[in-house]
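The values are calculated or read from the model by the stated rules, or taken from the named source; none is laboratory data. Quick caveat: nothing in here was measured; it's all calculated off a predicted structure. Cβ atoms come from the backbone with ideal geometry, glycine included; neighbour counts cover every protein chain shown. What goes into the accessible areas is simple: the full protein's heavy atoms, side chains included, and nothing from ligands, DNA or RNA. Shrake-Rupley method; radii C 1.70, N 1.55, O 1.52, S 1.80 Å.
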Amino acid sequence: MAFPQFRAQDSSPWRMDATTSSGASSSLPLHLIIDDALALVSPLQQSFQRSQHHCFGDSAPGEFPLAANPSIVLHILTSCNLEPDDLAHLEASSVLFFLSNATCSFFRKPANFPPDFQLSMSELAALDMCQKRAIFKPMTQQEREMFKQRCGGSWKLVLRFIMAGEACCRREKSQAIAGPGHSIAVTTSGAVYTFGSNSSGQLGHGSLEEEWRPRIIRSLQGIRIIQAAAGAGRTMLVSDAGRVYAFGKDSFGEVEYAAQGSRVVTTPQLVETLKDIYIVQAAIGNFFTAVLSREGHVYTFSWGNDMKLGHQTEPNDVQPHLLAGPLENIPVVQIAAGYCYLLALACQPSGMSVYSVGCGLGGKLGHGSRTDEKYPRLIEQFQALNIQPVVVAAGAWHAAVVGKDGRVCTWGWGRYGCLGHGNEECESVPKVVESLVNVRAVHVATGDYTTFVVSDKGDVYSFGCGESSSLGHNTITEGNNRHTNVLSPELVTSLKRTNERVAQISLTNSIYWNAHTFALTDSGKLYAFGAGDKGQLGTELVAQQSERGTPERVEIDLS
């Protein structure tokens, strides 16, 4: 909806309050929702409100009839699903919201309304919208206050933190995960389907048999799953109650083909060491696993030798360790794990930023060098590029970020053109993908030398290694049996022909498995292409066929 602009002028009935600070903006986008507001009250009240165009007699300047019933204003602010920035602008500008011929500081003054009479109206609106979120509801009052202080001391900042996590992780929405040899699909209602390779019980069905069709994990009945992660022979699921379930190889430090984790778990088991921490996301990398708490703390398992992740542990350690360093005091909204490194998207009052830790081979940590980092370190290049990161993706050897303005940055090992810069050069700091400057990106996914970008129009672009037909272009180099690599972003026309808007892309992030790719649409349809030799595409391929070059519908509805 377009917002009209009301400019503060002495001759206008829509005036700035005299108490507004000189630094406040002189214009404010507002909804024209007076009639909608009046529809919420009785005809008698409507008549009374329409007849009042002045403050209440001797009342304090700035009051107007709706101040007698702030619940009406609160209802409108929350039902419009305003962004935290919009709520902040209301307080900063203090423009009269509903009635003319008066001035007010209504949105900055204490609202005198429960649950906190001292909060301003916009703070109450932010708190109300937080209370509707699943991760916020179970919090005690003390936990909520601590959460608010960690986010910066404002409910608007808490709301921004929660909404940022929802946007980049598809929290409480359907999602599909293309793991190494096996696949996971989570419906909007929280049911989980798995299919593909099952040599370690990573499908969670109580057996070691492969599944060529999506099969629901029945032992999870009554548990709503909101996020999933896949590793080589291992699966982790996060419930809406903040619990983590794991199955497959039993070692958190499992490397692809190492001897660790001789025991396998074939049905989802609660991770007891995390039962006292409310988890919202899990990420499985090589040698380690990471989880993210509701409050934005990052914990890691294993890979503690030589202080690789800020702590000293044994490779098979099953205890979570808080990631030491600057992120102990900075809330994180998303984590992404690649080959021996971890990225963290942080949310601070000053804005969004990205930290990296782990192995720096190929420049994938983004600091301008190839040295390892034992503690999380801020990637400073985004400030120089004036980019506010909103989504981060960690491939096996390269990484990518989508900015709030829709720009895409990539860095790391550029083999096969996976960085999208038209060559195979490495980049040790984030670099804008110039050929996508006319595309407003909203999502990015990275794999083993492959990258996908989703635009705000639902179009998909891919580039990098063309093996296994996982890019969706299905082009073959003349004279040999390998697929063409793509050095610059190309529109995936095979997905365009489905006449569906793509919302999420997931692709295999492993150096030991042929890749496959999922495209999930707004309507809940799932399309798959790439390697399918283990049933990871959700269908049995014809004889002698090991991959599929064009997207085909998986027989499952995730909406």
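Identify, from the list Leu487, Leu520, Leu507, Leu471, the residue that is within 27 Å of Gly285 (Cα to Cα), at pLDDT 95 or above and open to solvent by less than 40 Å² (accessible area, probe 1.4 Å).
It is Leu520.
Would you say Gly368 is assigned to a loop (DSSP other than H, G, I, E, B), modelled with pLDDT of 95 or more and among the small types (Gly, Ala, Ser)?
Yes; evaluated as a whole, the condition is true for this residue.
Quick check, is Val390 open to solvent by 10 Å² or more (accessible area, probe 1.4 Å) and not in a loop (DSSP other than H, G, I, E, B)?
For Val390, the condition - open to solvent by 10 Å² or more (accessible area, probe 1.4 Å) and not in a loop (DSSP other than H, G, I, E, B) - is met.
Would you tally the residues in segment 145-156 being outside any helix (DSSP H, G or I) and buried (at least 18 other Cβ atoms within 10 Å of the Cβ)?
The total comes to 1.
Mind checking whether some residue in segment 435-448 is within 24 Å of Leu378 (Cβ to Cβ) and of a type in the set (Asp, Glu)?
No, because not a single residue in segment 435-448 is within 24 Å of Leu378 (Cβ to Cβ) and of a type in the set (Asp, Glu).
Among the residues of segment 525-539, is any open to solvent by less than 70 Å² (accessible area, probe 1.4 Å), aliphatic (A, V, I, L, M) and over 20 Å from Gln202 (Cβ atoms)?
No.
Here is a check on your reading of the model: is Arg224 open to solvent by 10 Å² or more (accessible area, probe 1.4 Å), in contact with a Gly (Cβ under 6 Å, 6 or more places away or on another chain) and under 30 Å from Leu124 (Cα atoms)?
In short, yes.
Suppose we filter Ala324, Ala336 for residues that are assigned to a strand (DSSP E or B) and either under 30 Å from Leu159 (Cβ atoms) or touching a Cys at 6+ places or on another chain (Cβ under 6 Å) (or both); which single one remains?
Ala336
Have a look at Arg415, Arg440, Arg407 and point out the one that is in contact (Cβ under 8 Å) with a residue 40 or more places away in the chain and either surrounded by fewer than 19 Cβ atoms within 10 Å (Cβ to Cβ) or farther than 30 Å from Leu322 by Cα (or both).
None of the other options fit; the residue is Arg415.
When you scan segment 207-229, how many residues do you find that are in a loop (DSSP other than H, G, I, E, B) and within 29 Å of Ala167 (Cβ to Cβ)?
Of the residues in that region, 4 qualify.
I'd like to know if segment 421-436 contains one or more residues that are open to solvent by 30 Å² or more (accessible area, probe 1.4 Å), modelled with pLDDT under 95 and under 20 Å from Ile505 (Cβ atoms).
No, segment 421-436 contains no residue that is open to solvent by 30 Å² or more (accessible area, probe 1.4 Å), modelled with pLDDT under 95 and under 20 Å from Ile505 (Cβ atoms).
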